[in-house]
1. Using a 10 angstrom cutoff on alpha carbons, build the Gaussian network for chain B and name the most mobile of B:Thr243, B:Thr102, B:Thr361.
2. With a cap of 15 neighbouring Cβ atoms within 10 Å, and only residues DSSP puts in a loop, list the GluC sites (Glu not before Pro) found in the range B:77-152.
3. How far is helix B:75-89 tilted off the main Cα axis of chain B, in degrees rounded to 10, range 0 to 90?
4. Roughly speaking, what is the stretch gain from B:Gln400 to B:Glu17, that is 0.36 nm per residue apart minus the C-alpha to C-alpha distance, in nm to one decimal?
5. Let me have the 222 nm mean residue ellipticity of chain A computed from DSSP H runs of 4+ only, each contributing -39500 (n - 2.57), with the sum over all residues rounded to the nearest 500.
6. Taking the Cα centroid of the range B:222-260 and of the range B:356-396, what is the distance between the two, rounded to the nearest whole Å?
7. State whether the range B:1-127 is rounded, prolate or oblate according to the following rule on the C-alpha gyration tensor (a ≥ b ≥ c being the square roots of its eigenvalues): a/c under 1.5 gives rounded; otherwise a/b larger than b/c gives prolate, and the remaining case gives oblate.
8. What fraction of the Cα pairs in the protein assembly as shown, stated in percent, has a spacing above 42 angstrom?
Amino acid sequence: MAYSDKVIDHYENPRNVGQMDDAAKNVGTGMVGAPACGDVMRLQIEVGDDGVIKDAKFKTYGCGSAIASSSLLTEWVKGKTLEEAQQIKNTDIAEELALPPVKVHCSVLAEDAIKAAIEDFSSKQG
Amino acid sequence: MKLPIYFDYSATTPVDERVAEKMCRCLTLDGVFGNPASRSHPFGWEAEKLADEARQHVAALINADPREIVWTSGATESDNLAIKGVAHFYHKRGKHIITVKTEHKAVLDTCRQLEREGYEVTYLDVESNGLLDLDKFRDALRDDTILASVMHVNNEIGVIQDIAAIGQICRENKVIFHVDGAQSAGKVEIDMQSLPVDLMSFSAHKIYGPKGMGALYVRRKPRVRLEAQMHGGGHERGLRSGTLATHQIVGMGEAFRIAKEEMAAENARLLALRNRLWNGLKDMEEVYVNGDLEQRIAGNLNISFNFVEGESLMMALKDMAVSSGSACTSASLEPSYVLRAIGRPDELAHSSLRFTLGRYTTEEEIDFVISKLREQVKRLRDLSPLWDMYKAGIDLNSVQWAAH
Ligand SMILES: Cc1ncc(COP(=O)(O)O)c(C=O)c1O
């Protein structure tokens, strides 16, 4: 399978790889996928008092397109409010990375990951 | 060293120069272009002579009678001809067939077709080393079993089935025995004088011959009957009609001739290379060999790097041609059914790579792949949340995954 230049770029130079403190109140963690399905994404966001995402980190087990989808997502969410980040659609990611149809599920997973991270953050604010 | 490096010899091989040269001499006006079936002029006679010689070379590698060789377009066609041919010819005797879950699709899908035609097929499990348990095979036999089909060497994990023992059980129970030998010819000794095998499929392009060329061995004593699947001019004693493709046949013959001559030395060389590869990797954490390491052809190493997804690893090895059991390499999103059949959890199947070495593999190439692999597996594990969890002592099986 041929990869788009953008997928290759994110795969070879992934942005914002890392881990934040799960337990911190200002951090939201979204872990989606399953090892048995061949992809697991962990996306974490650090949210400021103003509701703006200050930082984002990811780690992904999965194919190049899954790694690229999550790497791109971390770039996109930084500086966005939670409401704005909530609006990110998998189709935007798939389009930006020129994912072929068999890889669209990677972008779906990325959308699930940001939704899960926001939900985790919100539940901590209680 | 030339990049990219080819480590996918089980998918196909380049045609050996010596083979290509012989093939080229059977195409043009100044070559042997005649129709081997033309009986009335030297163009035909010469072509027939070359086809006969090739038939002898193929027969010689497997110690068979040249009259037991039927030319086909490849192992896929040979499997179809053998399995459908027996099923259709002997259907009055019974309609039950036994095969194995790790067979090539050419066998499995042929069996599926026969199920649609009203036959019953038992798909046997293999043990965790990839090999068939002979008692389970024996237990699967029924009064109406007419055919068993078991591959000699598995294309993904390279394990060698004990076809002598399986064939013996078939003989005792008057069951016809077909073996898919696409991956074994030229790699494992095959002696049709002593092996209780009735039908055996071969392919040219797995051993440095041309693609689109194969053969089916059909035993004469005791005689096995087949219903032809391709009808026409009655070539190959009516079993497979179609003008003989002289250049292809000559190519297969030469490839098999060379294999007979060089097999012993080549196997020793490949085993040393395979050991060098494995020795260069086995001290890494969480690396597993898939399938039995002893009962295995020299040129195959199938390994799983836990917590690294196979396709992403292949992408990192962009200077190398390898294959993966990961779902991502197929459209189905299912990981390798062979790795599943040997009981590998899906996550290890997703993390597998198959290296197959061959005639042109060098030590330098092996050393290159070892250093690349070590570097890239580390990089991808640093990217993997599963690796973090493993390192933190979390049992991944205890985690509730959000399946999708
Ligand atoms: C075990 C096995 N059987 C059958 C085949 C099909 O052979 P061919 O490509 O000659 O049709 C292959 C190769 O893909 C194989 O590995």
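1. Maximum among the listed residues: B:Thr243.
2. Numbers: sites: B:Glu77, B:Glu103, B:Glu115, B:Glu117, B:Glu120, B:Glu127; in loops: B:Glu103, B:Glu117, B:Glu127.
Passing both the DSSP loop test and the Cβ count: B:Glu117, B:Glu127.
3. 60
4. Details: separation 383, 0.36 × 383 = 137.88 nm, distance 5.55 nm.
Result: 132.3 nm gained on full extension.
5. Details: 5 runs with 57 residues, N = 126.
After summing the helix terms and dividing by the residues of chain A, the value is -14000 deg cm²/dmol.
6. 44
7. Values: a/c = 2.81, a/b = 1.46, b/c = 1.93.
Verdict is oblate for the range B:1-127.
8. Working: 44238 of 140185 pairs.
Looking at the protein assembly as shown, the distances longer than 42 Å represent 32 percent of pairs.
The values are calculated or read from the model by the stated rules, or taken from the named source; none is laboratory data. These numbers were taken from a predicted model, which means no experiment stands behind them. Note that we place each Cβ from the backbone using ideal geometry, even for glycine, and neighbour counts take in every protein chain shown. The area values use the complete protein model at the heavy-atom level, side chains included, leaving out ligands, DNA and RNA. Shrake-Rupley method; radii C 1.70, N 1.55, O 1.52, S 1.80 Å.
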